[in-house]
Every structure is written in structure tokens, then in C-alpha cells.
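Read through the structure below, which is laid out as C-alpha cells, and then see the notes.
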Amino acid sequence: MVQTAARLFRERGIQGVSVADLMAEAGLTHGGFYKQFASKEALVAEAVALAFEDLGADLHDRDQQHPGDHEAAREAFVAGYLSAAHRDDPGNGCATTGFGTDVAREPPDSPAREPFAAGVAEFAAWLGPTEDEALVTLATMVGALLIARATAGTPLADRILAAATSDLSGKGRVSR
């Protein structure tokens, strides 16, 4: 159920998915939800954590595909991240982009904030090499993907991804 929630929340937003929607998608009854979770907020926190675990596994896989060459792994990841395929598949896309705007709207004590912040920190650390460079790379990637998704279906969407790729390639973050 958490995997289904993570996908649906990224596709539709947290407020765009009701407990009934989630349970129907998971093939379970509405009443079964509260046997597993104290609240929707508790499920959101678990979904955020799982989405970042999945991202971490993807990053690890990239390193395995490029043994001893983290720069090549990072370049391959960033190139895929800034692709039309990733833009057009939000349900299976990045946790940072998928949950960022929703978590930003949550109250400061929301249970989703801690796993989100921890996931962002781990993602940025992987992007390295320095913390500031990693944060700029992450902000560029996430911002570009978010705006490209918001402008999907227009020529601007592809231009945004291309411009971000060009900018990061000029900084040695991604190959063209």
C-alpha cells in the first residue's frame, strides 16, 4: 500500500488522493486503512520515506553501473533526470519533485518533513563533490523538472530541460 501511495501522491499530489482512492487502487477496502495507519499523514510520511529509499537504490545502482567512476554515474543520472521520459512519468519520478510542493504546504510539525529533509540531504550528498555545488545542482535539476512538468505539451518544456542540461554540462555535472 505504501508503494501505491508513493506513486499516486507523486502523480496527483497528496491532496489529490483520498484514502478511498488509495485503497481502491491497492485493491483493499477502505476500512482496512486504519488498521495499518493512524492517519493519512502517517501514510504520507511513510510514502515520502519509501520514495527516497527508492531514489537511494537508484543512485546506488548508478554507482554499480560505473564502478569506481562516481562522476560518470552522476552524469548518467542527471542526464536521465533531465529527460522528457522522466518529466512525463511523475508517478515513478523523483521524490524531491514529486513531494516537494506538497510537503512545503504541510504544517511545520508534519511527520512528512523529517523523511523529506533527510532524503534531500542524502540526494544532495550523492550529487557532490562539495555541499554547495551539490545543492546548486539539486536545485537546478528539481526546479527544471518541476517547471518542465508544469509546461508539458509546450515547446518551453523541452527547452527548460535542454537549458538545465546545458548549464550543468558546462559545470561538469552532466555530459551532453
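Rule-based calculations on the coordinates, nothing more; no lab input. All figures in this text were calculated on a predicted structure; none of them were measured in a lab. Cβ placement follows ideal geometry from the backbone for every residue including glycine, while neighbour counts extend to all protein chains displayed.
If only the Cβ of Lys and Arg carry +1 and only the Cβ of Asp and Glu carry -1, the dipole of the stretch 31-176 around its Cα centre is close to 480 debye. Centre-to-centre separation between the Cα atoms of the stretch 81-140 and those of the stretch 48-77: 14 Å. Charging the Cβ of each Asp and Glu at -1 and of each Lys and Arg at +1, and nothing else, the dipole of the stretch 1-116 about its Cα centre rounds to 400 debye. Taking every C-alpha pair closer than 8 Å and separated by at least 6 residues, the mean separation divided by the residue count of the chain gives a relative contact order of 26 percent. Positive contributions from Lys and Arg (+1) and negative ones from Asp and Glu (-1), summed over other residues with Cβ under 15 Å from the Cβ of L8, come out at -3.
For the chain, the 222 nm mean residue ellipticity estimated from helices alone, with every DSSP H stretch of n ≥ 4 adding -39500 (n - 2.57) and the total spread over all residues, rounds to -22500 deg cm²/dmol. What is the sum of charges, Lys and Arg at +1 and Asp and Glu at -1, for the other residues whose Cβ falls under 12 Å from the Cβ of M23? Local charge sum for M23: 0.
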